[in-house]
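Notes for the one structure printed next.
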Amino acid sequence: MTDLIVRKMNFAFEDYDVPFLWNEENPAFSSMANAVSFLAIGFEKMIVKMILQTKPLITDPEVAEEADAFMRQEGQHSAAHRQHVRGLIRSYPGLQETLDLVIGEFDRLTAETPLKYRLAYTADLEATFTSVFKLMLDNEASLFRPGDDRVASLFIWHFVEEVEHRSSALIIFESVVGSDLYRMRVAPSIFKHVMKVIRIACAGFNEHVPLEDRKSDAMAMFASYRNKQKLMSLLPGSRARDNGPMPRAFDHLPLGEQLVALKGIIRSQLPKHDPAHETLPALADVWFRRYESGYDVSHWYTADTIATEVK
Ligand SMILES: [Fe+2]
Ligand SMILES: [Fe+2]
């Protein structure tokens, strides 16, 4: 029996403006996380359709149950990210075009690639999440705490549930396709597609969100882009558009922790990888305990203050 719990969330994005620069202390991370919101909508929409197509092929009832719970968790993530992004579009209507492009990238995969490719895509990408999100959750004090509590709570919830269902996509892939070789063979094209989608989102941010609101060049996370911008700025008479300063989201994080995350990402793509054995972020445990005790996890940093005010 699966241990996954499907939790419905409401982060009150309708209540007041959703800032693009939701963590003012880290414009690069604000932008990166916003890009994740755009990607999540398209990716998780693809997952839901993919699982519906996969279900008739699953013969093991336990795997079928896991697939169903996995799909329903992803459906909740997608819905919450839509509310977040809708808030951003209210302030920057041009971002609707960016969202359509991102969703279009995943709809194209659904229409044009075989089911086993999308199962491998989901298994490969989700396998990296525990390492990547551990790095972020272990550094919540600088990455999430100073930010808008709704946006911070959305990402903490989503990342914690990604850790919770870290094995699901691989279990489903194993049960239906079951070829490490295939998964490894298509990995380069999968990660190329992921980077392409993030690039589309970040280019859209530079185009549709004024620099005074985003405070940094949203494309700065791409090394090739940084190098090109630096080179162009040295050329006399260059017409390269200056999209702002180019800080990086994780520059301040301990190098050792970044290397551990990188090693985890590489390990996640190797044959016989089992995410069940990964070291988990301590915050995930705290989150599950608080959720069970009835704590308002949709206001991760302010629930106590709100509760005191209400009393
Ligand atoms: Fe998700
Ligand atoms: Fe997931």
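Our compactness index for the range 5-146, the C-alpha radius of gyration over the empirical 2.2 N^0.38 Å, is 1.14. The simple Förster model, with R0 at 22 Å and r as the Cβ-Cβ distance, assigns ARG289 and ASP3 a FRET efficiency of 0.90.
Using the Karplus relation 6.51 cos²θ - 1.76 cosθ + 1.60 with θ = phi - 60°, the per-residue 3J(HN,Hα) values for the range 258-274 come to 5, 5, 4, 4, 4, 4, x, 5, 5, 4, 5, 9, 7, x, 6, 5, 10 Hz, with x marking Gly and Pro. Straight-distance candidates among the lysines for linking to LYS116, with alpha-carbon spacing under 22 Å and chain neighbours fewer than 8 residues away dropped: LYS45, LYS49, LYS55, LYS192, LYS196, LYS272.
What is the distance in Å between the Cα centroid of the range 1-41 and that of the range 102-120? After rounding, the separation between the Cα centres reads 24 Å. Look at the dipole of the range 126-207 built from charges on Cβ: of ALA203, ALA169, PHE133, the Cα furthest out on the positive end belongs to ALA203.
For a label point 7 Å from the Cα of ALA12 along Cα→C-beta, name the residues of the range 134-159 whose backbone N is under 16 Å from it. Residues passing the 16 Å test: 147-155.
Let me know the charge dipole size of the chain about its Cα centre in debye, to the nearest 20, where only the beta-carbon of Lys, Arg (+1) and Asp, Glu (-1) is charged.
1160 debye
What number comes out for accessible area per residue over the chain if the probe is 1.4 Å? Units Å², please.
47 Å²
From helices alone, the chain scores -22000 deg cm²/dmol at 222 nm; the rule is -39500 (n - 2.57) for each run of n ≥ 4 DSSP H residues, then divide by the residue total.
The Cα atoms of the chain cover 63, 56, 39 Å along the three principal axes, with the biggest extent listed first.
For the peptides 265-275, 111-121, 148-158, residues were scored by their other Cβ atoms within 10 Å and the scores averaged per peptide; the highest-first order is 148-158, 111-121, 265-275. Using the average count of surrounding beta-carbon atoms within 10 Å as a protection proxy, the listed peptides 280-287, 30-37, 254-261, 63-70 rank, highest first, as 30-37, 63-70, 280-287, 254-261. Using only alpha-carbon positions in the range 131-220, the gyration tensor eigenvalues give semi-axes of 31, 21, 10 Å once each is multiplied by 5 and square-rooted (largest first).
The values are calculated or read from the model by the stated rules, or taken from the named source; none is laboratory data. Nothing here was measured: the structure is a model prediction, and the numbers come from that model. Glycine also receives a Cβ, built like all others from the backbone with ideal geometry; neighbour counts cover every protein chain displayed. Side chains are part of the model used for accessible areas, which takes the heavy atoms of the whole protein and leaves out ligands, DNA and RNA. Shrake-Rupley method; radii C 1.70, N 1.55, O 1.52, S 1.80 Å.
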